[in-house]
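The values are calculated or read from the model by the stated rules, or taken from the named source; none is laboratory data. The structure displayed is predicted, hence computed values, not measured ones. Please note: Cβ atoms are built from the backbone with ideal geometry, for glycine as well, and neighbour counts cover all protein chains shown.
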Amino acid sequence: MRRWPELLILLSFLLCVGCQHGGVGDYSAAGKTTDVHPELQMRPIPEGLGVNIHFYQGNEKDLAMIESSGMGIIRMDISWNGAEKAPGAYDFSHYDHLVGDMEARGIRILFIIDYGNELYDGGLAPSSEECRQASARFCAALAERYASKRIIWELWNEPNLDHFWKPEPNVDAYMAWCHAVVPAIREADPKACIIAPAVSGVDRNFLRKCFERGLLELVDGISVHPYRSHEKGPESALKEYEALQKLIDEMTPSGRGPIPIISGEWGYTTKELSPELQGKYLARQWLANLSVGIPVSIWYDWHDDGQDPEEREHHFGTVTWDYETKPAYTAMETLIAQFNGYLPEKRLQLGNDADFAVVFKKNRSRRIALWTASETHEIRLPQGLCLDAGVDWLGNPAEHVKGGTLLLTDAPAYYALDGPITDMN
């Protein structure tokens, strides 16, 4: 049997050539100080992995289960309309609850600054200078109040959709708002971490227009919501990330450091796929994102939003309305436990773009995640790549490797690496 493909795989592995793409996937210096904002650098698992929530003061069930899962970050709205009921008078008490609860558990927060305020422009998205300046004052007050809390501030939610940027999407109006609020935030907290524009999908047309109007001069990261049909697995987003990173690199002003992509919101509803496949997709979404250097991945959603069996929006959660865990919760818990404290190191090439072998490193210890985005099939591991004991995506003992072959399925399996790999520096 010809062995050249296997030897080439092993050679690339031992030479530490990094992942397959230069821009979006180049994280060989993960964890080191770079020009990327500290809150957006690649951090050990689980600091960049988390969920979207819909509460400020959750019940004890929410808080206990979120803490037990091991997640490192949550995403939640900051409602301008809810906090400023009279001009210039702010009530931050409900946000204080959430900040305190998450801080006590060592969990970061990504706060979305949205939407309009009934006191200005009729509650629509900011279109007047008066409204923009009022919003800037509100944002400055937020930034000053939470300056020591490691908050990531996201500028609006899906402004490319008319039910979020009302009455209809308007790049000029959105960017005029960004140009008003960002300097106010940075004056209040020079170390603030700001991301935008949180577009629905990877809408490069909207993004390009934002970049042309100066967004890349304002923010620390670009956030997207790569939703897609349930028939398309998470790995289908990788080419979109690559194209977006190329656009960012081409349009980033001279002298600026790298600007990372953030997967700020993305999930699949169990109205359209099985709970089991949803759980596999959660693990594969996070792993695929990590494989190309995405430092923050927010799964939508933490908890089912309702009980209507026909309403798709009610079934994105990792737990049901009654807090019964779905496979997605177990998948999240298992992945975090298996890779806690590890950084992504590289994706190995297995000769098929649909096959994934992602290596993670913690000191001299390495673990690997293996799965396929295609049909179940057998692969032969490169000689010298030794897999130790492993578990499947739900924490059950994984299949042992027999004769150097392994069955790849659509469900990730996690193995410790043994043998010569420990000599790799």
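Cβ-Cβ contacts under 6 Å between residues 6 or more apart (or on different chains), taken from a first residue in segment 161-179 that is on the phi < 0 side of the Ramachandran plot to a second residue that is in a loop (DSSP other than H, G, I, E, B) and among the basic types (Lys, Arg), are listed as 175/213. Between 132, 150, the distinction of being of a type outside the set (A, V, I, L, M, F, W, C) and either part of a helix (DSSP H, G or I) or in contact with a His (Cβ under 7 Å, 6 or more places away or on another chain) (or both) belongs to 132 only. Residue 262 meets each of the listed conditions (1) under 18 Å from the mean Cα position of the chain (by Cα); (2) within 22 Å of residue 376 (Cα to Cα) apart from (2). Scanning segment 305-336 for residues being assigned to a loop (DSSP other than H, G, I, E, B) and either free of Cβ contacts under 8 Å to residues at least 12 places away in the same chain or surrounded by fewer than 22 Cβ atoms within 10 Å (Cβ to Cβ) (or both) gives a total of 13.
Within segment 99-115, how many residues are more than 20 Å from residue 318 (Cα to Cα) and either out of contact with any helix residue (DSSP H, G or I) (no Cβ under 7 Å at 6 or more places or on another chain) or modelled with pLDDT under 95 (or both)? So the count comes out to 9.
Could you please give the count of residues in segment 49-86 that are surrounded by 21 or more Cβ atoms within 10 Å (Cβ to Cβ) and among the basic types (Lys, Arg)? Residues that pass the stated criteria total 1.
Residues 104, 147, 89: which one is in the same structural domain as residue 302 (by TED's automatic domain parsing) and surrounded by 14 or more Cβ atoms within 10 Å (Cβ to Cβ)?
147
Scanning segment 69-105 for residues that are small (Gly, Ala, Ser) and under 22 Å from residue 266 (Cα atoms) yields a total of 4. Under the condition of being surrounded by fewer than 18 Cβ atoms within 10 Å (Cβ to Cβ) and in a helix (DSSP H, G or I), the residues counted in segment 246-276 number 7.
Scanning segment 22-66 for residues that are at pLDDT below 85 and touching a Gly at 6+ places or on another chain (Cβ under 8 Å) yields a count of 7.
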